[in-house]
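Read through the structure below, which is laid out as structure tokens, and then see the notes.
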């Protein structure tokens with residue numbers, strides 16, 4: 001298995017909801033996680049956020065589809081528990097945004113090679129390398145000479 005990656009909620013949403021122009025590389029990260037090339041991680045608390053966004057706030061017509069997407073993710077992405085202590089640390093941190101601070105708290109537990117987010121500037125204070133999807137693939141290419149972006153998939 002290659003890189004251990006902690007994914008922010010927006011990476012999952014970009015892939016699953018087809019948000020442009022981010023969908024392709026977000027889907028590529030998930031696909032590479034499915035085949036074991038990447039070790040993907042998410043905080044357990046993100047599952048409810050992903051469900052809420054994918055189901056348009058819990059809309060009945062979207063809820064089953066959103067749950068099905070989360071069940072698929074569970075097959076290849078590991079969830080890290082978010083504890084009371086983590087919440088306390090996030091709330092007393094110097095980070096302005098509590099959600100971003102929570103991602104950083106989880107990163108300290110998971111110890112990923114990188115955090116992948118659509119909001120690099122918001123998580124830039126992390127003690128771990130932080131990239132958007134494009135930046136992750138550029139980093140891997142410069143580090144290892146591997147270009148995943150040439151993989152074609154549907």
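The values are calculated or read from the model by the stated rules, or taken from the named source; none is laboratory data. Quick caveat, the model's predicted, so the values are computed rather than measured. Note: ideal-geometry Cβ built from the backbone for every residue, glycine included; neighbour counts use all protein chains shown.
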Completion exercise
Among residues of region 34-47 being in contact with a helix residue (DSSP H, G or I) (Cβ under 8 Å, 6 or more places away or on another chain) and in a helix (DSSP H, G or I), the residue surrounded by the most Cβ atoms within 10 Å (Cβ to Cβ) is 46
Handout entry: Condition check for residue 145: surrounded by 15 or more Cβ atoms within 10 Å (Cβ to Cβ) and out of contact with any strand residue (DSSP E or B) (no Cβ under 9 Å at 6 or more places or on another chain)
Key = no
Exercise for the section: Please work out if residue 12 is under 21 Å from residue 100 (Cα atoms) and surrounded by 13 or more Cβ atoms within 10 Å (Cβ to Cβ). Expected result: yes
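Give the residue, chosen from 71, 125, that is touching a helix residue (DSSP H, G or I) at 6+ places or on another chain (Cβ under 9 Å) and farther than 13 Å from residue 46 by Cα.
Exactly one residue qualifies, and that residue is 125.
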Handout entry: Hey, residue 55 within 17 Å of the chain's Cα centre (by Cα), surrounded by 15 or more Cβ atoms within 10 Å (Cβ to Cβ) and more than 25 Å from residue 2 (Cα to Cα) or not
Key = no
Problem - Subset tally (residues that are under 10 Å from the mean Cα position of the chain (by Cα) and modelled with pLDDT under 95) for region 1-11 - result: 3
Problem - Those helices (runs of 4 or more DSSP H) lying entirely in region 66-154 with at least 1 residues more than 17 Å from residue 33 (Cβ to Cβ) and within 17 Å of the chain's Cα centre (by Cα) - result: 98-110, 120-123, 133-144
Completion exercise
Over region 48-65, the set of residues in contact with a helix residue (DSSP H, G or I) (Cβ under 6 Å, 6 or more places away or on another chain) and part of a helix (DSSP H, G or I) is 49, 50, 51, 53, 54
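Restricting to region 18-33, what's the tally of residues that are under 14 Å from the mean Cα position of the chain (by Cα) and in a helix (DSSP H, G or I)? Quick ask: steps written out before the conclusion?
Of the residues in region 18-33, the ones under 14 Å from the mean Cα position of the chain (by Cα) are 22-23, 25-33.
Narrowing further to those that are in a helix (DSSP H, G or I): 23, 25-33.
Of the residues in that region, 10 qualify.
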Handout entry: residue 48, sole failed condition from (1) more than 23 Å from residue 131 (Cα to Cα); (2) over 14 Å from the mean Cα position of the chain (by Cα)
Key = (2)
